[in-house]
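Engineer: Please see the structure below; I have some questions.
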Amino acid sequence: MHSSTDLPLDQTFTTGVPKRGALVQDRPTLGSLPRARRGVGWWLPPALDLVSSSVALVVVAVAAGSQVFPALPLSPLLLIVVYGVLGVYGARDQRGALGGGEDGMAWPVIRLLVAALFAWSASLMIPLGSGAQLALWGIFMVIDTAARSFSSPLLRRLDTPERWVLVGDEVTASRLKAYEPLQAYATVVATVPPGEGEDEPKAADRVAALQVVDRYRADRVVIATRHADDESLLDLVRAFKSIGVPVSLLPRPLDLLEAPATTASQVGGVPLIDVEALAAHNSVPYTGPDRRRVRKTKVSVVVPAMNEAQNIGHVLERLPDGLHEVILVDGNSSDNTIEVACRVRPDIRVLVQSGRGKGDAFRTGFAAVTGNLVVMLDADGSADPAEIPRFVEALEAGADFAKGSRFLPGGGSADITHLRSLGNSVLSGTANLLHGTHFTDLCYGYNAFWARCLPFIALDVPGFEVETLINLRVAGSGMMITEVPSYEADRLYGQSNLNTFRDGFRVLGTILGEARRRRAIGQPSRRAAVKPEAEAAKTATAA
């Protein structure tokens, strides 16, 4: 087998014809968690569209003798929203499609159609004849195209190159660093040697992978090792995908991944194979003999907390016996959360997250679990730790993912308001419509799943939308989901950091973004098996 260093950097390759079958799909992302904080370059294109559409609207309205309000600002904002949903902003490869390539005409056509929608929506708010609408469409396209052309040099300066961590040898790293076309798009910030021999590769450990990504603030991991066999290479891919960082392989013969699991791409002229999905066969993510009678379940409870000193002790005291480990992920608390946790449960493992947000905390905790079953538990006392055996029972009955629901018989909530209940219904309905699921309580974060599912979840969001992202990626992968009734109590002490409208819109954005990304990688919509616990126990396949 040839190594990646035996191939020229301008090597061309073709993508195999996708096969029909059950796949665990991953969604392409804009980068790792550090890049989730978007820079000025990300906001410039929508700002240009907003200004261009506003100027065109003012010019046409004044010429037609019409008032500008309310078309300004509603129509320009509508244009920005539609562009955002369609994916015109953000991804580097999509911006490149505007200028050419195999699918280069797709985005220009979309821009023309959205511009027509903009003109038509303005005519619904202010009196504009057909001639004025056509003029608005044309003036906007001219101004917007000119603005994009003049701003291209600025965009290139603001578009920070990706930071690559290379898993491989120094020879390959030196060749990549010396390859001039790549320098505008990416820079190799570190080279990590793979493990050798029969032992597990050093980078295959999730904790080590997270440390590497955080230490070098990596936007992408590129695997170019010549030493890893198929199983070791899969370990590397699983480790880095588990913590949500994009993973690419320098081209080499791949027998371990099915064709639908990879996509050929180029960054700065360097051919890569992006690991968009981990291949699976038949039922996902596991089919095989029934080992439930001989397998020992090791439950790892992950508890993210920030300034929860008054609550964390009550939560830990109510945990059931027989747990494998309890992991507290502290969000740099300013109170004595850690001290209280260690006093109540001396065997607790304490981690301090390097970033911010609930999603980043779960990412840190998931990387450290050593058990084979993971439970997500809030530290504010709203979720009942005594319900953990109920989730474990559902998973041992055959489910891959156990989802808590406040709206099943036996569940309920003392904390949810009418507004939040309405919002949850709207968001759950939207997700079910777009993703072909049957969730009854999309936004509830009390969940449990087998640790083998972590590479398929691939967390890459920092905030409260993390539960929605996990639910949708699990459903999109084809895993078996069981909904478990759960009761949400009032928060014990303090005020929640949840903001109904802000976080609701973030959840909606996650729902729309995941639907668009699933379509972008060609995954057909499917009905995820979201079943009540009793029904799932009867129909579950062996796990």
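Every number in this text was worked out from the coordinates using simple rules, so none of it is lab data. Only a predicted model underlies this, so the values are computations on that prediction, with no experimental measurement involved. Positions of Cβ are generated from backbone atoms using ideal geometry, with glycine treated the same way; all protein chains shown enter the neighbour counts.
Engineer: Give the calculated FRET efficiency between residue 393 and residue 85 to the nearest 0.05, with a Förster radius of 41 Å applied to their Cβ-Cβ distance.
Structural biologist: Efficiency computed from Cβ-Cβ geometry: 0.55.
Engineer: Extent of region 464-511 along each principal axis, from alpha carbon coordinates, in Å, largest to smallest?
Structural biologist: 39, 26, 11
Engineer: Hey, what do the phi angles of region 61-73 turn into as Karplus ³J(HN,Hα) couplings, whole Hz, using 6.51/-1.76/1.60 and θ = phi - 60°, x for Gly and Pro?
Structural biologist: Values, residue by residue: 5, 5, 5, 8, x, 10, 6, 8, 6, x, 4, 9, x Hz.
Engineer: Something else now. Name the long-range amide H neighbours of residue 488: under 5 Å, sequence gap of 5 or more, or other chain; modelled H, no Pro or chain starts.
Structural biologist: It is 412, 413, 414, by chain and number.
Engineer: Let me ask another. Whole-Hz ³J(HN,Hα) for each residue in region 412-429, computed from phi via Karplus 6.51 cos²θ - 1.76 cosθ + 1.60 with θ = phi - 60°, x for glycine and proline: what do you get?
Structural biologist: x, 7, 9, 10, 6, 8, 4, 5, 5, 5, 5, x, 5, 5, 5, 5, 5, x
Engineer: Continuing with the same structure: Efficiency by 1/(1 + (r/R0)^6): what FRET value for residue 154 and residue 174, r their Cβ-Cβ distance, R0 = 41 Å, to the nearest 0.05?
Structural biologist: Efficiency computed from Cβ-Cβ geometry: 0.80.
Engineer: OK, next. For 342, 443, which order do you get if you count the other beta carbons within 10 Å of each Cβ and list the fewest first?
Structural biologist: With the sparsest Cβ surroundings first, the list reads 342, 443.
Engineer: Sticking with the crude label model, points 7 Å out along Cα→Cβ, report the distance from residue 310 to residue 430 in nm, one decimal please.
Structural biologist: 3.3 nm
Engineer: What FRET efficiency comes out for the pair residue 422/residue 74, r = Cβ-Cβ distance, R0 = 22 Å, nearest 0.05?
Structural biologist: So the FRET efficiency works out to roughly 0.40.
Engineer: Note down the magnitude of the dipole of region 299-539 about its Cα centre, charges +1 on Lys and Arg C-beta and -1 on Asp and Glu C-beta and zero elsewhere, to the nearest 20 debye.
Structural biologist: Dipole of region 299-539, to the nearest 20 debye: 1080 debye.
Engineer: Two decimals is fine: what is log10 I(q)/I(0) at q = 0.24 Å⁻¹ for region 327-392, from a Debye sum with one equal scatterer on every Cα and no solvent?
Structural biologist: Reported log10 I(q)/I(0), two decimals: -1.30.
Engineer: Continuing with this model, one more query. What is the sum of charges around residue 76, taking Lys and Arg as +1, Asp and Glu as -1, for the other residues whose C-beta is under 15 Å from the C-beta of residue 76?
Structural biologist: That sum, taken over residues with Cβ under 15 Å, equals -1.
Engineer: Calculate one ³J(HN,Hα) per residue across region 323-337 by plugging θ = phi - 60° into the Karplus curve 6.51 cos²θ - 1.76 cosθ + 1.60, and present them in order as whole Hz with x for glycine and proline.
Structural biologist: Result, rounded to whole Hz: 6, 6, 6, 10, 10, 9, 9, 8, x, 6, 5, 9, 9, 9, 4.
Engineer: Residues with amide H under 5 Å of residue 188's amide H, sequence separation 5 or more or different chain, H placed in the peptide plane at 1.01 Å from N; which?
Structural biologist: 164
Engineer: Would you mind checking which residues have amide H under 5 Å from residue 249's amide H? H placed 1.01 Å from N; only 5 or more apart, or other chain.
Structural biologist: Hits under the 5 Å cutoff: 223, 273, 274, 275.
Engineer: Among 458-465, 205-212, how do they line up from the highest to the lowest mean number of other beta-carbon atoms within 10 Å?
Structural biologist: 458-465, 205-212
Engineer: Sticking with this one: At 0.36 nm per residue, and after removing the present C-alpha to C-alpha distance, how many nm does the segment from residue 493 to residue 321 gain when stretched out fully?
Structural biologist: 59.4 nm
Engineer: With the Cα gyration tensor of region 354-419 giving a ≥ b ≥ c as the square roots of its eigenvalues, does the rule (a/c under 1.5 for rounded; else a/b larger than b/c for prolate; else oblate) give rounded, prolate or oblate?
Structural biologist: Since a/c reaches 1.5 but b/c is at least a/b, the shape of region 354-419 is classed as oblate.
Engineer: Further question on the same structure: I want the antiparallel fraction of DSSP beta bridges within region 299-539, as a percent rounded to 5.
Structural biologist: Here the share of antiparallel DSSP bridges comes out near 25 percent.
Engineer: Further question on the same structure: Could you please rank 505, 69, placing first whichever residue has the fewest other Cβ atoms within 10 Å of its Cβ?
Structural biologist: So the ranking, lowest neighbour count to highest, is 69, 505.
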